[in-house]
1. When both residues are 6+ apart or on different chains and their Cβ atoms are under 8 Å apart, which pairs have a first residue that lies in the stretch 119-131 and is farther than 10 Å from residue 97 by Cα, and a second that is of a type in the set (Val, Ile, Thr)?
2. Within the stretch 134-146, track down each residue that is touching a Leu at 6+ places or on another chain (Cβ under 9 Å) and in a helix (DSSP H, G or I).
3. Among 66, 35, which is the only one that is at pLDDT 85 or above, out of contact with any strand residue (DSSP E or B) (no Cβ under 9 Å at 6 or more places or on another chain), crowded, with 20+ Cβ neighbours inside 10 Å and closer than 16 Å to residue 130 by Cβ?
4. Going by the structure shown, is residue 22 modelled with pLDDT under 95, within 15 Å of residue 150 (Cα to Cα) and surrounded by fewer than 18 Cβ atoms within 10 Å (Cβ to Cβ)?
5. Among the numbered criteria (1) modelled with pLDDT of 95 or more; (2) in a helix (DSSP H, G or I); (3) farther than 30 Å from residue 82 by Cα, which single criterion is violated by residue 178?
6. Might you let me know whether the stretch 147-162 holds any residue that is out of contact with any strand residue (DSSP E or B) (no Cβ under 6 Å at 6 or more places or on another chain), of a type in the set (A, V, I, L, M, F, W, C) and farther than 27 Å from residue 90 by Cα?
Amino acid sequence: MLKRLAAAAAILIAATAPALAHLDPAAHGSFMAGVTHPVFGMDHVLAMVAVGLWAAMIGGRAVIAVPAAFVAVMLAGFALALTGVSLPFVEPAILASVVALGLLVAMAVRLPVAASAGIVGVFALFHGFAHGGELGGAGALSFALGFAVATAMLHAVGVALGLALGSGLGLGDKAGRLVSRLAGGATALAGLALMVG
């Protein structure tokens, strides 16, 4: 079962295709346009899965609280964008979130739950604001529900992967933790590649 979860996570990450990131809400509906926005954008997928992976590494209440904080603040960022407020450095902050979250996983940083939630919340504000900027002709509530559900699912993939690796995934506990940390390092490197690409 754990190997299947890890394989599903790998397939999901490999299947990202930025060209498909934005479905036409008129053709596919506002909800599906919202769902596909984070799911088919490599920067979003990497960041969301890293949030879940980091939450699993921290353990305890963080498994739920850290991803929940991300989704809540992301929705606040979306609402902020709809008000017309300007937020500088949105795209650089999103790319920085991929690098930073990857490094937090790679270094196996353990912080109190509130601090961890605060860190992901800062990044979530920018991710949500970007979603608001991509609303186009979609209905705001349906679009927001779609990207919130997709984000929560990506977090769940990261949590499942982290828990699977934390339990050893048939590799042994130390090897599983090492694979988690290597995944974090690979995420940070992918974020750097996106910055210069």
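1. 121/73; 125/73; 128/73; 129/90; 130/90; 130/94
2. 140, 143, 144
3. 35
4. yes
5. Against the list (1) modelled with pLDDT of 95 or more; (2) in a helix (DSSP H, G or I); (3) farther than 30 Å from residue 82 by Cα, residue 178 comes up short only on (1).
6. Yes, the conditions are met somewhere in the stretch 147-162.
Quick grid of which residues meet (1) among the hydrophobic types (A, V, I, L, M, F, W, C); (2) more than 12 Å from the chain's Cα centre (by Cα); (3) within 15 Å of residue 55 (Cα to Cα):
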| position | (1), (2), (3) |
| --- | --- |
| 106 | yes, yes, yes |
| 111 | yes, yes, yes |
| 120 | yes, no, yes |
| 134 | no, yes, no |
| 166 | no, yes, yes |
| 176 | no, yes, no |
| 189 | yes, yes, no |
| 195 | yes, yes, no |
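The values are calculated or read from the model by the stated rules, or taken from the named source; none is laboratory data. The structure presented is a predicted model; accordingly, all values stated were derived computationally and were not measured. Ideal geometry is used to build each Cβ from the backbone, glycine not excepted, and the neighbour counts take in all protein chains shown.
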